[in-house]
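Visitor: What follows is a structure written as structure tokens; I'll ask about it next.
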Amino acid sequence: IYTSSLLSLSLTWSLPDVADTEVSCVFMERCILPCSFQGSTEVHIHWFRLTDIHFVHLYKNNQDQLKHQHKSFRNRTSLFKDQISRGNASLQLTGVKVQDEGTYECFISTISESKGSFVNLKVEGMRKHTQKTYNSIVFVLYSVLF
Ligand SMILES: *[C@@H]1O[C@H](CO)[C@@H](O)[C@H](O)[C@H]1NC(C)=O
Ligand SMILES: *[C@@H]1O[C@H](CO)[C@@H](O)[C@H](O)[C@H]1NC(C)=O
């Protein structure tokens, strides 16, 4: 499955990324990264972050397979198990951090289809805060120097 994801990755990369979904997450809150497919009983759902190829979440043989999950996502990801058979492969991420920003791929593989879709995750709240802090530091420096 890993090889096939990478293959799809290189194939989809050459296409214009018109299908990217933008998701704004609030710092420290939970966030849902949407992904859907044609419902099927036998499905592999593979979430990873394209930006650094970090392994985020894998679901196959009707269960989570998190042995190789990147440590920054430990205990923070979950799927809506009761909705998977209906084609809902959305990922829930809790305690959103600024480092979570990036492009994620949801790679779906069933008997009838194999496809990847992309979600761009942006974190709100923290940036404004950082910007404010930065502005006040500049202000303090400015008033000290001049
Ligand atoms: C994840 O949860 C398990 C069980 O609740 C806990 O033992 C472990 O320390 C947690 N890991 C992290 C990185 O929070
Ligand atoms: C999947 O299920 C969750 C939880 O009920 C819901 O919030 C989300 O909108 C659903 N996503 C899709 C693509 O159906």
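The values are calculated or read from the model by the stated rules, or taken from the named source; none is laboratory data. Source: prediction; values computed, not measured. Positions of Cβ are backbone-derived with ideal geometry, glycine not excepted, and every protein chain shown enters the neighbour counts.
Visitor: Given the conditions (1) at pLDDT 90 or above; (2) surrounded by 14 or more Cβ atoms within 10 Å (Cβ to Cβ), report the number of the one that S5 does not fulfil.
Guide: Only one criterion in (1) at pLDDT 90 or above; (2) surrounded by 14 or more Cβ atoms within 10 Å (Cβ to Cβ) is unmet by S5, namely (1).
Visitor: Can you say whether S40 is within 18 Å of E113 (Cα to Cα) and either surrounded by 13 or more Cβ atoms within 10 Å (Cβ to Cβ) or away from ligand 2 (no atom under 16 Å from the Cβ) (or both), as far as the supplied structure shows?
Guide: Yes.
Visitor: Right, something else. Kindly provide the set of residues from segment 20-55 that are more than 16 Å from ligand 1 (Cβ to nearest atom), among the hydrophobic types (A, V, I, L, M, F, W, C) and under 13 Å from E105 (Cβ atoms), ordered by number.
Guide: L33, C35, I45, W47, F48, L50, I53
Visitor: State which residue pairs qualify: first residue farther than 10 Å from T21 by Cβ and inside segment 102-127, second residue basic (K, R) in any location, beta carbons under 6 Å apart, and separation of 6 or more residues or different chains.
Guide: Here the result reads G102/R49; I108/K115, each pair linking segment 102-127 to a residue that is basic (K, R).
Visitor: Please state which of the following conditions K81 fails to meet, knowing it meets all the rest: (1) away from ligand 1 (no atom under 16 Å from the Cβ); (2) touching a residue at least 60 places away in the same chain (Cβ under 8 Å).
Guide: All conditions are met except number (2).
Visitor: Among the residues of segment 56-78, which ones are within 16 Å of ligand 1 (Cβ to nearest atom), in a strand (DSSP E or B) and hydroxyl-bearing (S, T, Y)?
Guide: Across segment 56-78, the qualifying residues are T77, S78.
Visitor: Something else about it: Counting only residues that are touching a residue at least 24 places away in the same chain (Cβ under 8 Å) and within 20 Å of E113 (Cα to Cα), which one in segment 59-78 is farthest from ligand 2 (Cβ to nearest atom)?
Guide: In this case the residue turns out to be K60.
Visitor: Take the conditions farther than 19 Å from S117 by Cα, touching a helix residue (DSSP H, G or I) at 6+ places or on another chain (Cβ under 9 Å), among the polar types (S, T, N, Q) and at pLDDT 95 or above and apply them to S90. Does it pass?
Guide: Considered against the rule, which asks whether it is farther than 19 Å from S117 by Cα, touching a helix residue (DSSP H, G or I) at 6+ places or on another chain (Cβ under 9 Å), among the polar types (S, T, N, Q) and at pLDDT 95 or above, S90 comes out as no.
Visitor: Another one. Could you go through segment 91-99 and let me know if any residue there is surrounded by fewer than 16 Cβ atoms within 10 Å (Cβ to Cβ), touching an Asp or Glu at 6+ places or on another chain (Cβ under 9 Å) and not in a helix (DSSP H, G or I).
Guide: yes
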